[in-house]
Every structure is written in structure tokens, then in C-alpha cells.
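Have a look at the structure below, then the notes.
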Amino acid sequence: MDKKLVVGNWKMNLLREEALELSGAIVSLLGEDYDACQVVLVPPYTVLDVVRRGISGSNIDLGAQNVFSRMSGAFTGEVSAPMLLDAGCSWAIVGHSERRHIIGETDEQIREKLLLSISCGLKVILCVGETEVQREEAIRESEDISTRKEMLFSPIKTQIKNALHDLDEERISEDIVIAYEPVWAIGTGKNATSSEIAEIHGYIRELLTEMFPRLGDSVKILYGGSVKTGNIKRIMSVDEVDGVLVGGESLSADSFFRIIKSVGV
Ligand code: 13P
């Protein structure tokens, strides 16, 4: 997985016809054999099959926005990793902030989902990020730079450690991607500055290499939160940014195409 990664999270949007049209338009714009970077489309469950058909024959991968932590059984409304693989997915997003904060998913549930997913053969995009309150508190309450950093990094450290502690190094580097998505930048149009992104991505890299001395350095770290055609070049020029997780702008074929082309240069 040495290529940069561009992931389009469609969230709870699009009906079947729209999904077919959007996925088909992205393939037409890119060309079937496009492979300058790895592109992943992550539509809602109800259109996974439609999008699978839309991207068939191309190098685009399919992903799911969530996954449950059991293989099968009496879990009404849930969808398992084997079902997602069967539907053509090779990726699953785990721990998105909308699931942490709106649905109330805990670190423990997120770890269970992640472990089962990778054991079934899905690659996982683990989302982490601080809230606006946590960032503001770190800036307001800290007396010196090192306390500020400690407070700022603390939610990210907890989320990553709780999800990944004691995992096999090989699995980490092959099957897991981290997405740093500051909660305050998601869907708000507010942008993290280059230095804010660099600071957190640098810390995540440090933490990964401390937890996984041999292969922590090879784990991809994506940025997400109001990624747009107008800021993609700046974001990709920041150190330790290996790709992007795009929400709103991935719903427009033209914008998503331009984002992909800016990453896969
Ligand atoms: P936006 O790009 O709409 O801010 O969403 C980001 C996101 O949550 C992707 O997972």
C-alpha cells in the first residue's frame, strides 16, 4: 500500500440511480486503468451493489461506512464483515466521529469491530480526532507548550491506543489506515491549518512508531474534514499526509475527480 489514498465517504446520501450515475461518472472521468493513487468509494449499504457494478473493471475499491463486531446472528439491523466482503467491499470505516458522537460508539466497540474486520480480511480506516471543546481547552488551560501539546494529543492518543494496543505489527501496516478528522472541521467548511495538521499527523506517526517500532512508520495517515478542490494541494503538501478522507466533495464527480488528480500526481 505505498500509493496515496483518496477515500470518498458518501455518508447517508444518494439513492440507487444517483449512486450508479456518480460512480459511473467518476470512472469515466478517471479512466478504467487509473492507478496513480488508490481510490475508495464508501457509499451507504443500500447502494453497495449498485456502486460495485458502477466501478467494475476499474481500479477503484469499494468500502463500507460501518461494520458490526460479530460474524452473524441475532443482531437486528447490523451488517457483518463477511457480508461486506460478500457485497464486494475490501474496506470498512471504523470509529467515524459521527458514529462516536451521534450514535455513541465507544472505544471498546470500535476495537472489537476493527479486530473482527481485519481477521475477516477487510482493510480498516480507523478515524480519530479531537472535538472543538477539547482543542479550545488545550489552548486555554495550558500554561506552556508541552502541556498544551499533551492536552491536545490526549484524545487522539486514547483513541489510537484503545483501538490498536497489542495488535500484530504486520496487521497494522497491511490492514489499517488512520484517518485524522478533527471533529470541528467535519462538514463545517472550517479548515485545519497546515501547521495544525502537521502537528497532529507528526504526533500520530510518533505514537505509531512507539507502539509498533518495526512497521509503525509504514501505516498510512489520512486527513479528513472539509477537504475541497481549493485546499487539497495545500493539505497534501503537509508532512505525513498520505491521502484524504473526503465527505461532501465526494458527492460531486467533478470535484472528487479534481481532488483525486491533485493527489495522484
Ligand atoms: P466533509 O469533507 O464533508 O467535511 O466530511 C469529512 C468526513 O467526515 C469524511 O469522513
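The values are calculated or read from the model by the stated rules, or taken from the named source; none is laboratory data. This one's a predicted model, so the numbers in the text were calculated from it and none came from an experiment. Every residue, glycine among them, receives a Cβ derived from its backbone with ideal geometry; neighbour counts consider all protein chains shown. To get the accessible areas, we keep the full protein, side chains included, count just its heavy atoms, and leave off ligands, DNA and RNA. Shrake-Rupley method; radii C 1.70, N 1.55, O 1.52, S 1.80 Å.
For beta carbons closer than 8 Å, sequence separation of 6+ or different chains, a first residue in the stretch 211-224 that is farther than 19 Å from Leu5 by Cβ and a second that is open to solvent by 40 Å² or more (accessible area, probe 1.4 Å), the qualifying pairs are Met211/Lys161; Met211/His165. Any chance the stretch 177-190 includes a residue that's more than 20 Å from Gly63 (Cβ to Cβ), out of contact with any Gly (no Cβ under 8 Å at 6 or more places or on another chain) and away from the ligand (no atom under 15 Å from the Cβ)? Within the stretch 177-190, not a single residue is more than 20 Å from Gly63 (Cβ to Cβ), out of contact with any Gly (no Cβ under 8 Å at 6 or more places or on another chain) and away from the ligand (no atom under 15 Å from the Cβ).
Answer with yes or no whether Ala36 is in contact (Cβ under 8 Å) with a residue 40 or more places away in the chain and open to solvent by 30 Å² or more (accessible area, probe 1.4 Å). Don't jump to the end; show me each part of the working.
Numbers: in contact (Cβ under 8 Å) with a residue 40 or more places away in the chain: yes; open to solvent by 30 Å² or more (accessible area, probe 1.4 Å): yes.
Yes: the conditions hold for Ala36.
Checked against (1) away from the ligand (no atom under 16 Å from the Cβ); (2) among the β-branched types (Val, Ile, Thr); (3) not in a helix (DSSP H, G or I), Thr229 passes all but condition (1). For the stretch 227-251, the set of residues classified as open to solvent by 40 Å² or more (accessible area, probe 1.4 Å) and either basic (Lys, Arg) or in contact with a Leu (Cβ under 8 Å, 6 or more places away or on another chain) (or both) consists of Lys228, Lys233, Arg234, Leu251, listed by residue number. If you filter the stretch 191-226 down to residues that are surrounded by fewer than 17 Cβ atoms within 10 Å (Cβ to Cβ) and assigned to a loop (DSSP other than H, G, I, E, B), you find that the one that is nearest to the ligand (Cβ to nearest atom) is Thr193. Please specify each residue of the stretch 127-156 satisfying the condition of being under 25 Å from the mean Cα position of the chain (by Cα), farther than 21 Å from Phe212 by Cβ and polar (S, T, N, Q). Listed by number, the residues that qualify are Thr131, Gln134.
Here is a list: Gly95, Gly73, Gly104. Which entry is in contact (Cβ under 8 Å) with a residue 40 or more places away in the chain and either farther than 25 Å from Phe257 by Cα or out of contact with any strand residue (DSSP E or B) (no Cβ under 6 Å at 6 or more places or on another chain) (or both)? Break it down stepwise before answering.
Working: Gly73 fails: in contact (Cβ under 8 Å) with a residue 40 or more places away in the chain; Gly104 fails: in contact (Cβ under 8 Å) with a residue 40 or more places away in the chain.
Within the list Gly95, Gly73, Gly104, the selection yields Gly95.
Return the only residue of Gln159, Gln109 being open to solvent by 60 Å² or more (accessible area, probe 1.4 Å), under 19 Å from the mean Cα position of the chain (by Cα) and at pLDDT 95 or above. Outline the logic, then answer.
Details: Gln159 fails: open to solvent by 60 Å² or more (accessible area, probe 1.4 Å).
Every option except Gln109 fails the conditions.
Among the conditions (1) of a type outside the set (A, V, I, L, M, F, W, C); (2) more than 16 Å from the ligand (Cβ to nearest atom); (3) part of a helix (DSSP H, G or I), Arg234 misses just one, which is (2).
Residues in the stretch 112-129 that are open to solvent by less than 10 Å² (accessible area, probe 1.4 Å) and either at positive phi or outside any helix (DSSP H, G or I) (or both): Leu122, Val124, Ile125, Leu126, Cys127, Val128, Gly129. Would you pick out the residues in the stretch 28-50 that are under 23 Å from Ser262 (Cβ atoms) and of a type in the set (A, V, I, L, M)? Listed by number, the residues that qualify are Leu29, Leu30, Ala36, Val39, Val40, Leu41, Val42. When the stretch 164-196 is filtered for residues that are of a type in the set (Lys, Arg) and touching a Ser or Thr at 6+ places or on another chain (Cβ under 7 Å), only Lys190 remains.
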